[in-house]
Structure formats: structure tokens, C-alpha cells
Amino acid sequence: MSDSSVPMAEDARLSADEIDRLRPPAAPLTDPVSDMAERMRRTGQWSPRQMAGRRWAVACVSLEITQRCNLDCTLCYLSESAEAVHDFPLDEVFRRIDLIHAHYGPGTDVQVSGGEPTLRRRDELIAIVARLAQRGLRPALLTNGIKATRELLSRLAQAGLSDVAFHVDTTQQRAGYRSEAELNPLRREYIERARGLPISVFFNTTVHAGNVDEVPMLVDFFKAQADVVRFASFQLQADTGRGVWGAREAAIDNDSVAERLQRGAGTPLRFNVLLAGHHDCNRSAVMLVVNGRAYDAFDDSAFVQRFMRETATLRIDRGTPWRALRSLCAAALSRPGLSVAALRWALSLAWKARRDLWAARARVHKLTLFTHNFMDACTLDRERIDACVFMAITQHGPLSMCAYNARRDDYLLQPLRTAAGVWQPLALKAGDGPEFPVKFLKGRARDEWLAGRRRSQGRETPA
């Protein structure tokens, strides 16, 4: 397995001209699953463990419904002009939803994101989630949680929301919080907002030099909340967008973070028993939490891989833990040989956890741990772009999220033709140029503006 901390060969990197030429496909593919399988083969990622091109055509698609945000993250992937970009008209958002459906079909995971999506008008946000559900897609809300009240989450669940992913970490510069440990009460508050609703709860954490040693503590925290939290994603620092911290330290990579995840779980975990795209892009492990103790759900890796291959064409209902369990049991029962193997797996795991099962009255919770290694905007790798399974939907179609982040304004600042006429992304001056009020500046653009003001006032000497 490749070590993502090893520098890429120069010829593996996309040049600036090649990045500029990256474009979404001209039209939806006839068979997107087969196309994904071919891309996995072409990039050397195809194996019995690979789920891309076997169970699904894409892992998820990001649908950005606003560029505005109520935080100013030090590692923000948005562009310097994001805060001045108007929200796309609702009919344009609906058109992009239809594009996602046309490219990948029903059952596709769609991340309703931004910016901060809860800054969109509430009636429009609910309508967007409802439209996704009506198309048979699985909508997830990616939010910093500030405006994601219990009442709003309940309304969104009624509209068809499948998941909510709260992004909480020290890059967000929330007032009064200096460490990840100090943010845990806020995480608990968000967990309680979603408790009991028919949606899955995820958490996203950006990993950087300032919090990497707190990763084991965070895993232990999520393990204790596994009755509600089902997925914890740890996204490695990347130099992209308007962020001011730049590239991460070489010691922070998928493998080093995975080691910390195991430490926090308190038990050895098998990572990447199942693969999702390129092996340099992520690591994943699944554990079952019983009586506060973690057990590796993929301990019998051969059975897990067999189960996922033989049920690849069956839909697994992931709406709630019980629906997921019923769906998995039904999938196993549809194949007698697989049912016997599944029973052996369950009995073996139950025997290992017998004391905790008795103490917890057989309450078992599943928690997935995931790392995602986004690429720096200036060091995109050809092979990883070709094997990408995390897409962003643009006005022209889906594009690799890392490629999209490297040239966001190329897509965001184009006027669009809508039913109401030509939509302009930015307010225009009396002349013909865009207007960027100072109040809209965040991240790198704001730092540069403040440095310029200090120089003009004689408080700082230019370097």
C-alpha cells in the first residue's frame, strides 16, 4: 500500500494547463458502474476488495447550494470570492439534481453542502432535500451546526433527509474553544439535537498539526456516543481554496492518522478491508461498540469481502440501524451459502463479545472510521483524479472534488441561463467589473487585505 507522505513523481502531477482543461463528461454515461470499474482497472485499483464499480458508480456527489458561510476556517476550501457569490436560483439547483440522477441513477449519496447550506432560505433548503428524495437520491446535510436546530433537522427528515454530518473542529476558530476536547460539549449538543430522528449522524474533523494528537481522544468520544453517531470522518489538511495554513506536515498522512484511530478505538482494526476508489485517497474501518468496548467488525475480512461482492447488486437500506440490519439479513438470506457464512461470522463475533453483550443486554452499535486525503490544489495526481469517487456537481456535470477545488471560480463565476433569464453570480459595478466588498473577504483574501492596510498605514514594512 502506498504511503501518501512520499512525494509524487513529477510526471504524475497535472500541470496548470492540464488542470484548466479538466472538464465534466459531455453527457451521462450509459453504464456508469461499468465505467467506474474500468477506471479502477486503468488506475490499478481493481481488486476483490474494491467497491467502486461493483456496488456503486460513485461514493458521493457534493451539491453546493450556497457559497456563503458563518465561519472563517483556517483551512477553508472555498475561493476568495465565495462570500460575494449569489445563491444559485432554485431551478438551477433542481437542474443539477436532475444531472446527478442522470449520471449516476437512484440510490446515489448527495451531500447538500456549501458554504454553510443552512444559510439558504429555509423553504428552499427543505425543497432541495425533498427534490433529492423524490428522485430516489440519498440527501445528507453537511453543516457546521450553528443554525441546524432540532426543529430544522426534524423538518428536513420529514422531507427525506438521510444523514446529517456535523463539521466541528479547531480550524473553525469558534470563540471560546481552544482544543478539540473543549469542543466536545458542543458536539454533544449537536448529537442531542439529532437523537431519535430517523437520520444517521456523522461528524467531520479536519486533521492538522495542532489537533492530530487529539485524534485518539476524539475516537474515544465518538465511540462513547455510538448509539447516535454512526460515522466519523477525519479529513487531512490540504492546501486549497482560501485557507491560510497551507500544506500539512509530511508526518500527517492516512497511515499515521489510521494508527491514531486504532489507539482511540482501543483495539486493533483492519483498515481498507473494503476499498472505495484510490488507495491513496482514504482509509476506512468499521467497529461494533458493545458496552463501551470496540470490536473489529471486519475481523473476518474474507467473509466481509465475499458478502459485499455477492450482494453488490442488492440495495441496502441504511436509513436507520434497524432498517440496515433487516436489509443485510435479507441480503444474506437471498443466498443460502452466504447465510451459513454470515451465521458463522455472527456467532464468532458474539462469542468474543459475550461478556459485553450480556452486560449491555445485546445492544450493539456500528461506528465507521474514515480518513480522507484531499490533494493540494497545485499537486493534483493524474491517477487519483481518474479514480476519484468523490465528485462535485457543476453546471456542466460531475467533476472530481479535488479538481473542482483547484479551479472553483472557473465554475462559480460563470453567468448562467435560467428560466428567468441570465443569472449573474456577482454584483456588478456601474462599469463592467465585479464588486467585492471588504465585508465579504475571508481567509487568504482577508489576510492579504489587512496586511495591505497595515502597510499603507505605516504599521508594517513590506517583506
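The values are calculated or read from the model by the stated rules, or taken from the named source; none is laboratory data. This one's a predicted model, so the numbers in the text were calculated from it and none came from an experiment. Neighbour counts are summed over all protein chains in view; Cβ atoms, including those assigned to glycine, are modelled from backbone coordinates with ideal geometry.
Structure data summary
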read-out: Options Thr43, Thr30: the member that is under 23 Å from His279 (Cβ atoms), of a type in the set (S, T, N, Q), over 21 Å from the mean Cα position of the chain (by Cα) and in the same structural domain as Thr240 (by TED's automatic domain parsing); value: Thr43
read-out: Filter pass, Phe374 being part of a strand (DSSP E or B) and either within 30 Å of Pro268 (Cα to Cα) or outside the structural domain of Ala238 (by TED's automatic domain parsing) (or both); value: no
read-out: Wholly enclosed helices (runs of 4 or more DSSP H) of the range 145-264 bearing at least 2 residues basic (Lys, Arg); value: 150-159, 180-194
read-out: Qualifying position, being in contact (Cβ under 8 Å) with a residue 40 or more places away in the chain, in the same structural domain as Phe271 (by TED's automatic domain parsing) and outside any helix (DSSP H, G or I), among Arg96, Arg68; value: Arg68
read-out: Within the range 161-218, considering residues that are closer than 23 Å to Tyr77 by Cβ and among the charged types (D, E, K, R), the one surrounded by the most Cβ atoms within 10 Å (Cβ to Cβ); value: Asp169
read-out: Any hit, the range 425-437, residues being modelled with pLDDT of 80 or more and either among the small types (Gly, Ala, Ser) or farther than 30 Å from Lys223 by Cα (or both); value: yes
read-out: Tally, over the range 379-401, of residues that are small (Gly, Ala, Ser) and either in a loop (DSSP other than H, G, I, E, B) or free of Cβ contacts under 8 Å to residues at least 24 places away in the same chain (or both); value: 2
read-out: Subset tally (residues that are at pLDDT 85 or above, of a type in the set (A, V, I, L, M) and exposed (fewer than 14 other Cβ atoms within 10 Å of the Cβ)) for the range 13-40; value: 1
read-out: Residue among Ala330, Ala350, Ala324 that is in contact with a Lys or Arg (Cβ under 9 Å, 6 or more places away or on another chain), surrounded by fewer than 19 Cβ atoms within 10 Å (Cβ to Cβ) and outside the structural domain of Ile19 (by TED's automatic domain parsing); value: Ala324
